[in-house]
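Take a look at the structure below.
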Amino acid sequence: MDKYDKIIDLTKRRGFLWNSFEIYGGIAGFFDYGPLGAILKNNVINTWRKHYIVNEGFYEIDSPTVTPYEVLKASGHVENFTDPLVECKDCLESFRADHIIEENIDVDTEGKTLQELQEMIEKNNIRCPKCGGEFKDVSTFNLMFATSIGPGGKRAAFMRPETAQGIFIQFKRISQFFRNKLPYGAVQIGKAYRNEISPRQGVIRLREFTQAEGEFFIDSRKKENFEKFESVKDMVLPLLSGKNQENESLSAEEKIVRMSLSDAVKNGIIAHEAIAYYIAVTKKFLMEIGIDESKLRFRQHLPNEMAHYAADCWDAELYTDRYGWIECVGVADRTNYDLLAHMKNSGDDLSVFVELDEDKEVEAYEIELNYKLVGRTFKGDAKVLEESLKELDDKKMEELVEALETEGKYVLKTCKRDFEILKEYLTAKKVKKIVKGEKIIPHVIEPSYGIDRITYCVMEHAFKEDEDRTVMGFSNAVSPIKVGVFPLVNKEGMPEIAMDLKNKLRENGLIAEYDDSGAIGRRYMRMDEVGTPFCITIDGETLKDRSVTIRERDSREQFRIPINEVVPYIKDKL
Ligand SMILES: [Zn+2]
């Protein structure tokens, strides 16, 4: 049994993780959280909320998981959210082409085309691992679960592949909420779906999973000089840069450089302060939920693995015994890719007006229409033309004036109709104008967290085997049960006192469990195994002086305090 199996065994027995649909044989890529697992996961999420909503000032939104086709067409997921697929000609089993190749030969398939993967399979005569049969040609498989809205499948839709899009398409409302004052951001926590071809990594690769994503909208000129960066600039982190990953002369250890964030930005390793800042927030969150610092590193995406929208991206990777380093958080600069795409596809203006630090005087064309002529030519549409001309930005205006000079005419396309404008319709002259601001499409910095992988790593990093016990050394922030309460013996009024104390702890918002079965040592062990930080025993002394024994999980130290100080003591420690 390796560590992974031991943890899965414990988590099944003690109600953390269960195979979904188990009585029907189970399906890979789906897991249930049992009673303690659900609390653990929610504690992870609530700690995340504390960091992003309370500390960072984001607000949470909650949008549908069913997403119409147009949204994901615009975002690029219909085209790009794919994996390479091979099927066996004989047993028809499906596999990920890149995984099958990497399992057979020592090669990196990242960024390879279908054709290149196909050639690798043929050249190395790679066969079906199940039956030894030959593969059909490599094809692409879209990883979104398709569905439809309403009867008859008329409105195509998908289960969302990420929570981010829900934020982008509500950008106008979010901007309005923040009164258009950049920077601002929204977060979303919820289910996302990825129809994995053949998930074989247990709880690490799920088909339905929980994401927590933040979209931080920012004026792109402010990425370099990010106000909050000052507070984290000295944080030192283990960084695995793209450059070092590609440097063959370095050993695996040498590739990872421990460096302060300010040095990393100064040396051009991290693209800018805004990304560096959210890398720091990520570290703080992971430490609070009990991730082992020695099992955390930040790895930069290589150019060929960068998502279709990203300009720079760093993953927080956590070390697991069986699967090695796994990606748990991505901090990406998505630029204005998504907003531009939705602007283009929806026809809605998603720009934000940004005030300049000081008014600027510029030279710009001002137009005077020959109303008589224009009215005669365009009749009722003359007003549309006038309005459209007012809307032209400086660049378009220059274009128009130049075209009239050189060609004597210009075609202006508007949403209502095209106008052929002749030179004699207007006079244009340059005037000095005071400009107070300008319209921009904000860029977005996105921290994106895979809550299930993180929750699994919390369990694995907390898992300890001493010679006489198994302990889940959860951090106080995430431990599901906070206090175990035991009567030493089931008589002399001890059960009643213990039950009262348990109730009092619960009234104070602390999850406490009462346990009166078996020897006291067994009861401690049961609580250690689910990571309960404190146990309290009601014993003979309690009857005499109203004091109880508190025992701490990690140190196993025991000491006595008055029963009426238990609640404040525990609250203080948590
Ligand atoms: Zn086969």
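Quick notes
- Taking strands (runs of 3 or more DSSP E) as the structural unit, those lying wholly within the stretch 278-380 and holding at least 2 residues that are crowded, with 21+ Cβ neighbours inside 10 Å and either under 25 Å from the mean Cα position of the chain (by Cα) or at pLDDT 90 or above (or both) correspond to 296-300, 312-320, 324-335.
- Selection of the stretch 194-226 for residues being in a helix (DSSP H, G or I) and either surrounded by fewer than 18 Cβ atoms within 10 Å (Cβ to Cβ) or charged (D, E, K, R) (or both) yields Ser220, Arg221, Lys222.
- Every test in (1) free of Cβ contacts under 8 Å to residues at least 12 places away in the same chain; (2) touching a Lys or Arg at 6+ places or on another chain (Cβ under 9 Å); (3) among the charged types (D, E, K, R) is passed by Asp321 save one, and that test is (1).
- Taking the listed residues Gly185, Gly202, the one that is in the same structural domain as Glu60 (by TED's automatic domain parsing) and at positive phi is Gly202, with no other qualifying.
- Ser231 vs. criteria over 30 Å from Val471 (Cβ atoms), open to solvent by less than 30 Å² (accessible area, probe 1.4 Å), polar (S, T, N, Q) and assigned to a helix (DSSP H, G or I): no
- Candidates Glu93, Glu122, Glu87, filtered to the one that is near the ligand (Cβ under 10 Å from one of its atoms), over 28 Å from the mean Cα position of the chain (by Cα) and surrounded by fewer than 17 Cβ atoms within 10 Å (Cβ to Cβ): Glu93
- Residue within the stretch 385-394 that is of a type outside the set (S, T, N, Q), crowded, with 17+ Cβ neighbours inside 10 Å and within 27 Å of Lys222 (Cα to Cα) present: no
- Residue check for Val478: assigned to a strand (DSSP E or B) and closer than 19 Å to Val329 by Cα: no
- Filtered by the rule that a residue be open to solvent by 70 Å² or more (accessible area, probe 1.4 Å), of a type in the set (Gly, Ala, Ser) and within 26 Å of Thr210 (Cβ to Cβ), the stretch 144-163 gives a lone residue, Ala146.
- In the stretch 96-106, residue farthest from the ligand (Cβ to nearest atom) [restricted to those that are more than 28 Å from the chain's Cα centre (by Cα) and open to solvent by 40 Å² or more (accessible area, probe 1.4 Å)]: Asp106
- Residue within the stretch 525-545 that is within 30 Å of Ile8 (Cα to Cα), in a helix (DSSP H, G or I) and open to solvent by 60 Å² or more (accessible area, probe 1.4 Å) present: yes
- Among strands (runs of 3 or more DSSP E) entirely within the stretch 66-159, having at least 1 residues that are free of Cβ contacts under 8 Å to residues at least 24 places away in the same chain and farther than 25 Å from Asn336 by Cα singles out 146-149.
The values are calculated or read from the model by the stated rules, or taken from the named source; none is laboratory data. A quick note: this is a predicted structure, and the numbers were derived from the prediction, not measured. For neighbour counting, all protein chains shown are included, and Cβ atoms are generated from backbone atoms with ideal geometry for every residue, glycine included. Protein only, heavy atoms only, side chains kept; ligands, DNA and RNA dropped before computing areas. Shrake-Rupley method; radii C 1.70, N 1.55, O 1.52, S 1.80 Å.
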